[in-house]
Amino acid sequence: MKKRLTLHLILFCFISLTLFSQNDLQENYNLMPWPKEVIEIDAAFIINPDIKISIQGTKKKGRVYNASINFLRRLTNRTGIFINEGFPLINDKEASIQIKFDRISTLSLQDDESYSLSIKEKKILISAPTDIGALYALQTLLQLTDYDSNNYYFHGLNINDTPRFVWRGLMIDVARHFQPVHVIKRNLDAMASVKLNVFHWHLTDDQGFRVESKVYPKLQELSSDGLYYTQEQIKEVVNYASSIGIRVIPEFDVPGHASAILTAYPELGSKKEYAYAIERYAGVFDPTLDPTNDKTYLFLKNLFTEIAPLFPDEYFHIGGDENEGKHWDKNLAIQKFKKQHDLKTNHDLQTYFNIKLEEILSNLGKKLMGWDEIMTPNMPTTAVIHSWRGENEGMSKGGSLISAAKKGYQTVLSNGYYIDRMLSVKHHYTVDPIGDVQLTTDERKRILGGEATMWSELVTPLTIDSRIWPRTAAIAERFWSEKEINDIDNMLIRLEDVSNKLEELGITHIRNKEVILRNISNHKDNEALQSLSNLCEPLKVYSRNKGGTEYKTYSPFTLFADACTADAPDAMRFNNITNKLEEESSIIEIKKHLEIWSNNYRNLQPILHNPNVAPLRALSQNLSNTSKILLKAINTKKITQNDLNELKASLHILEEAIIDVELAIVDSLERIIKFCEINYLIK
């Protein structure tokens, strides 16, 4: 017994020491996601024109060959170094970067994605069981690019890395707002850079059907507004994703969210003589496929038989969410069918429908996946449950994810990772897929991982990148890295660097803000507008489009709220400073911010006559007024009661949302006001 306790103590101490060491190293390197093991060595690999890559043991020009070319291009662009050999060599033992892997990945859940990376003074060695691991090693190596006054270099390190979860995804909804192929591709590149490996492509919904069907051509002719992917484009995206190690999971949402399908084929609907049409608003709508009609299953069988070969992955998402069954309730034939088949509820009827679909997909070599509403008592555990509901949606602790795992289902988590809700990166980063729930070994294996979800009711190709990135990079770390890698302040430092580097891949989350602000200001001086946008954040959790009725699919998404992002950068910096009011250095920084904001209203004057800018008048005026009073109080260390009354009146205005944004520094301003009242009030 004593020996066992001693062994446990030694193991605990070893793990604790390892984690302490990794946390300490995070201060030095902007790696994201953080690798499983990082060991520093006393060396530095100088990047010079003679750098070469050699791929060992293969003559084929596959994923690693292409990734090596991409690595060299990004490296030379980042460093400005004129590299002599711009393409990888094959089996050249003299090359400075040696890559070795054992086999080509099949892009499945069973793949070994681990790798080791050794950076020494003269050689860099990459070793991996699969080519995917080698790709990840190259991404890690690129993140380690650094420089001093003389050279660019890679830090000397030994890295052994493997992911915590096998399913690390991003869902992009292209039904509400269509996203062209080039937008999808640049986001695939960004996904690969942070080791995400599943692209969940939400292709159909009430607002549009986005895939060409040659069997049912009315789907794109009547239900897409001309915005859809040809089958060749689908293949192009799938092949591109595969080339960088990403699986593509299609989603065709049925039986609900079916307005677009029924616009083309109304005879499949549950309400006869209903005027089906593509929806222009957001929300949950009644049109639903008729699960009692044999033609519905023939349609889906033919459609899936046509579409499934475009997606080689074994998983096929059928949606299955948010079906309230209102049209089912009003259809007497459907009610009769339910009684005949002893289907007591609409959930039972949908399970009947889902089981039929699972049989269709199984015959096509696919595994059915659906949102967690499909998890009913009679649903076979061969289905994969996509968990989007948690405690906030009335579920028990652990949400539907833990419930699914305990019931025998494979499951993937998205609850907590809905990035379209515009919540802070801190919120998403602190959501752990498993948390502190106790699971058996088998239950843990069933939790495949998670997906960030980008629903597109309020995004267009102009703004989608700023809604996905950089927060999704932090979520990617939650899926890849050990649970204990959870220091928020350190994550934010690393995330800023990663965010800037995403621009190399064509991600527009930074640059397009200026595009929108120039449009709003009619290409006039917009410095004051820029300052406000760095302090304001879009309203959160769908309150920007309450009830789904403020915006249509063709409404303008070039407004001030579209220029603003979650985690407004200046607000984050200011909020962090105001947590340390007792420090003189914080007071100095606060004064710098207040100085700038005190002039905002004056600087905004030249464009305030613009109808798109005018609604910001009260925000700008009260921000400037508040900043002037606080700046004077801090400088003189005096404040009057009249000043305090005026500050509180201004703060009351600043607390109010305006044109779909909220000022993200209100709490900090209130904190400073309280500080001034306690320390500077003239009695």
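This table checks each residue for (1) hydrophobic (A, V, I, L, M, F, W, C); (2) at pLDDT 95 or above; (3) out of contact with any helix residue (DSSP H, G or I) (no Cβ under 6 Å at 6 or more places or on another chain).
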| site | (1), (2), (3) |
| --- | --- |
| ILE334 | yes, yes, no |
| PHE337 | yes, yes, yes |
| TYR352 | no, yes, yes |
| ILE355 | yes, yes, yes |
| GLU359 | no, yes, yes |
| ASN363 | no, yes, yes |
| GLY370 | no, yes, yes |
Filter segment 423-447 for residues that are open to solvent by 10 Å² or more (accessible area, probe 1.4 Å) and within 17 Å of the chain's Cα centre (by Cα) and give the result. LEU423, SER424, LYS426, HIS427, THR430, VAL431, ASP432
The number of residues in segment 269-289 that are open to solvent by less than 10 Å² (accessible area, probe 1.4 Å) and either of a type in the set (Gly, Ala, Ser) or farther than 13 Å from THR204 by Cβ (or both) is 3
Test set (1) open to solvent by less than 10 Å² (accessible area, probe 1.4 Å); (2) under 16 Å from the mean Cα position of the chain (by Cα) - ILE485 fails condition number: (2)
From the option list GLY399, GLY416, GLY408, GLY390, single residue qualifying as surrounded by fewer than 16 Cβ atoms within 10 Å (Cβ to Cβ) and more than 19 Å from GLU251 (Cα to Cα) is GLY408
Looking only at segment 63-80, decide whether some residue is at pLDDT 95 or above, open to solvent by less than 20 Å² (accessible area, probe 1.4 Å), within 17 Å of LEU125 (Cβ to Cβ) and assigned to a strand (DSSP E or B). no
Of the conditions (1) more than 19 Å from VAL194 (Cα to Cα); (2) touching a residue at least 12 places away in the same chain (Cβ under 8 Å); (3) of a type outside the set (Ser, Thr, Tyr), LEU117 fails just one. Which one is it? (1)
Going residue by residue through segment 18-35, is there one that turns out to be under 30 Å from ASP148 (Cβ atoms) and touching a Ser or Thr at 6+ places or on another chain (Cβ under 6 Å)? yes
Taking segment 184-214 as the search range and keeping residues that are over 14 Å from the mean Cα position of the chain (by Cα) and in a loop (DSSP other than H, G, I, E, B), which one is surrounded by the fewest Cβ atoms within 10 Å (Cβ to Cβ)? LYS214
I'd like to know if segment 664-682 contains one or more residues that are within 42 Å of the chain's Cα centre (by Cα), within 18 Å of GLU595 (Cβ to Cβ), assigned to a helix (DSSP H, G or I) and hydroxyl-bearing (Ser, Thr, Tyr). yes
Can you spot a residue in segment 234-246 that is at pLDDT 95 or above, surrounded by fewer than 22 Cβ atoms within 10 Å (Cβ to Cβ) and over 17 Å from LEU310 (Cβ atoms)? yes
Under 7 Å between Cβ atoms, at least 6 apart or on separate chains: pull out the pairs that start in segment 502-520 with a residue that is closer than 27 Å to ARG74 by Cβ and end on any residue that is assigned to a loop (DSSP other than H, G, I, E, B) and hydroxyl-bearing (Ser, Thr, Tyr). ASN512/THR463
Top-ranked residue of segment 356-387 - restricted to ones that are of a type in the set (Asp, Glu) and surrounded by 16 or more Cβ atoms within 10 Å (Cβ to Cβ), ranked as farthest from ILE434 (Cα to Cα): GLU358
From ASP111, ASP148, ASP161, ASP173, grab the single residue that is open to solvent by 40 Å² or more (accessible area, probe 1.4 Å) and of a type in the set (D, E, K, R). ASP148
Quick check: anything in segment 110-126 out of contact with any strand residue (DSSP E or B) (no Cβ under 8 Å at 6 or more places or on another chain), under 30 Å from ILE434 (Cβ atoms) and either of a type in the set (S, T, N, Q) or in a strand (DSSP E or B) (or both)? yes
Output the residues belonging to segment 247-256 that are closer than 19 Å to GLN350 by Cα and either in a strand (DSSP E or B) or open to solvent by 10 Å² or more (accessible area, probe 1.4 Å) (or both). GLU251, PHE252, ASP253, VAL254
Restricting attention to helices (runs of 4 or more DSSP H) lying wholly within segment 334-435, give those where 2 or more residues are among the β-branched types (Val, Ile, Thr) and more than 30 Å from ARG544 (Cα to Cα). 346-363
Scan segment 556-580 and report the pairs whose first residue is under 17 Å from ASP420 (Cα atoms) and open to solvent by 30 Å² or more (accessible area, probe 1.4 Å) and whose second residue is assigned to a helix (DSSP H, G or I) and of a type in the set (A, V, I, L, M, F, W, C), with Cβ atoms within less than 6 Å and a gap of 6+ or a chain change. THR558/ILE516
Taking the stated definitions as given, is LYS591 touching a residue at least 12 places away in the same chain (Cβ under 8 Å), farther than 30 Å from GLU457 by Cβ and open to solvent by 80 Å² or more (accessible area, probe 1.4 Å)? no
Is there a residue being surrounded by 19 or more Cβ atoms within 10 Å (Cβ to Cβ) and in contact (Cβ under 8 Å) with a residue 40 or more places away in the chain anywhere in segment 636-646? yes
For the structure I just gave you, tell me whether PHE285 is of a type outside the set (D, E, K, R) and touching an Asp or Glu at 6+ places or on another chain (Cβ under 6 Å). yes
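The values are calculated or read from the model by the stated rules, or taken from the named source; none is laboratory data. None of these values were measured; they are calculated from a predicted model. For neighbour counting, all protein chains shown are included, and Cβ atoms are generated from backbone atoms with ideal geometry for every residue, glycine included. Just so you know, the surface numbers come from the protein's heavy atoms only, side chains and all, with ligands and any DNA or RNA stripped out. Shrake-Rupley method; radii C 1.70, N 1.55, O 1.52, S 1.80 Å.
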